[in-house]
Amino acid sequence: MKAATELRLAILGAGGLGKGMMQRVEQTPGFKTVALVDSTGYVWDEDGVDCAALLPLKSLNSYPNAIGSHQAILDLFTVHADDIDVVFVALPNLPVDFIPSIAEQLAEKTTFKGVIVDALKRSRAVELMLALHDVLAQNHILYITGAGATPGFLSTVAAVAAQSFVSVDHIDIRFGVGIANWEAYRATIREDFIHLPGFDADRVAAMSDADIEAELNQRNGLIELVNMEHADDIMLERAGICRRDQVTVGGLVDTRNAAKPIQTTVTITGKTVAGQTASHVLTLDNATTMVDNVCGPALGFLRQGVELHHTQALSGVLTSVDLMPKGHVTTSTAPNRQTVSA
């Protein structure tokens, strides 16, 4: 991958998060969105995709010169792999191995040699991604997983804040999300449903949009999530910050209002040198949205990834927390730190 004045970004997924990333890139120096993919095909423009023209579209096939395809990601990278520097994955992760399978295909079936960042949430999905370390390293791809808001922004904050303590007792992440129209974030809402009592990936996959909306109506548009299967736990354990059973993640999502129903916080509780129990609490301002807190950090991790890829020839799979100060907790899931030179 050649260094460029503007990093050429491909966004995989054109829902609320994918389009939000396009808007963020428009205001962020150093990046240019050259490709966007959805289930109908892809758009490509080496001069930069027209954000204003794309935002109102429900599918990419309405965009001028869009390429229709049922395997849009492979088709895009078959033609343009060498013209893309970095990738942001904003795809729905249903089934749980969907995004890991995409990463494996990019490594084994295309010539892409750049940096990929995702906003994966579920623990099992991140575990599957970590298992691809050797495959991606051998193909000179650096992949940073769990690099959105949570896991990502909040878990990395927790990793740094934990350094104040001799030992960590508990890390609690609680998020509030406001969405004016749930249909703009269908994939995200579907993934949230998986964490509700009585639901699983198979049941959610079988539900129509009408089924989802009916369920939301019964809940007055609110989704309360408790003790979620979120990869913050395995990422913090992997980095030696604490055991995974000391991490809890939950939140409240309002699918009818843009305002957050609760503030987003991360609380790190531990023991000081003097033996006292103390807590650090970070509270996110309610004015920041999912786009701000997912896409902004993701771009930061892409920049960091490019630096590591260029200057240290790092390849393989890391989590966002692996890029933070380490802890000293020894667990059975200690990470494989080996990487392969490009």
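Every number in this text was worked out from the coordinates using simple rules, so none of it is lab data. Given the structure is predicted, the values throughout are model-derived calculations rather than measurements. Ideal geometry is used to build each Cβ from the backbone, glycine not excepted, and the neighbour counts take in all protein chains shown.
Which ones in segment 98-123 are among the aliphatic types (A, V, I, L, M), outside any loop (DSSP other than H, G, I, E, B) and within 18 Å of the chain's Cα centre (by Cα)? Correct list: Ile99, Ile102, Ala103, Leu106, Val115, Ile116, Val117.
Scanning segment 106-151 for residues that are of a type in the set (Ser, Thr, Tyr) and more than 14 Å from Asp322 (Cα to Cα), which turns out surrounded by the most Cβ atoms within 10 Å (Cβ to Cβ)? Working first, answer last.
Within segment 106-151, the first condition is being of a type in the set (Ser, Thr, Tyr), and the residues that meet it are 110-111, 123, 143, 145, 150.
With more than 14 Å from Asp322 (Cα to Cα) added as a condition, the list becomes 110-111, 123, 150.
Details: Thr110: 20, Thr111: 11, Ser123: 21, Thr150: 26.
Filtering first and then ranking leaves Thr150.
Among the conditions (1) farther than 21 Å from Ala103 by Cβ; (2) among the polar types (S, T, N, Q); (3) not in a loop (DSSP other than H, G, I, E, B), the only one that Asn286 does not satisfy is (3).
Taking first residues from segment 37-51 that are of a type in the set (Asp, Glu) and partners that are buried (at least 21 other Cβ atoms within 10 Å of the Cβ), the Cβ contacts under 6 Å between residues at least 6 apart in sequence or on separate chains come to Asp38/Ala14; Asp38/Leu60; Glu46/Val34. The single residue among Thr265, Thr269 that is more than 14 Å from Asn286 (Cα to Cα) and among the β-branched types (Val, Ile, Thr) turns out to be Thr269.
Please determine whether any residue of segment 90-97 is assigned to a loop (DSSP other than H, G, I, E, B), in contact with a helix residue (DSSP H, G or I) (Cβ under 9 Å, 6 or more places away or on another chain) and more than 30 Å from Ile173 (Cβ to Cβ).
Applying the first criterion (assigned to a loop (DSSP other than H, G, I, E, B)) to segment 90-97 yields 90-97.
From what is left, the residues that are in contact with a helix residue (DSSP H, G or I) (Cβ under 9 Å, 6 or more places away or on another chain) are 90-97.
In the following step, the residues that additionally are more than 30 Å from Ile173 (Cβ to Cβ) were identified as none.
Checked segment 90-97: no residue is assigned to a loop (DSSP other than H, G, I, E, B), in contact with a helix residue (DSSP H, G or I) (Cβ under 9 Å, 6 or more places away or on another chain) and more than 30 Å from Ile173 (Cβ to Cβ).
Scanning segment 129-183 for residues that are of a type in the set (Ser, Thr, Tyr), in a helix (DSSP H, G or I) and under 17 Å from the mean Cα position of the chain (by Cα) returns Ser155, Thr156. Looking for whichever is in contact with a strand residue (DSSP E or B) (Cβ under 8 Å, 6 or more places away or on another chain) and in contact (Cβ under 8 Å) with a residue 24 or more places away in the chain here; the options are Leu7, Leu17. Which one fits? It is Leu7.
A search for C-beta distances below 6 Å between a residue of segment 202-225 that is under 12 Å from Ile189 (Cα atoms) and any residue that is in a helix (DSSP H, G or I), counting only pairs 6+ apart in sequence or on different chains, returns Val204/Arg190; Val204/Phe193; Val204/Ile194; Ile223/Asp192.
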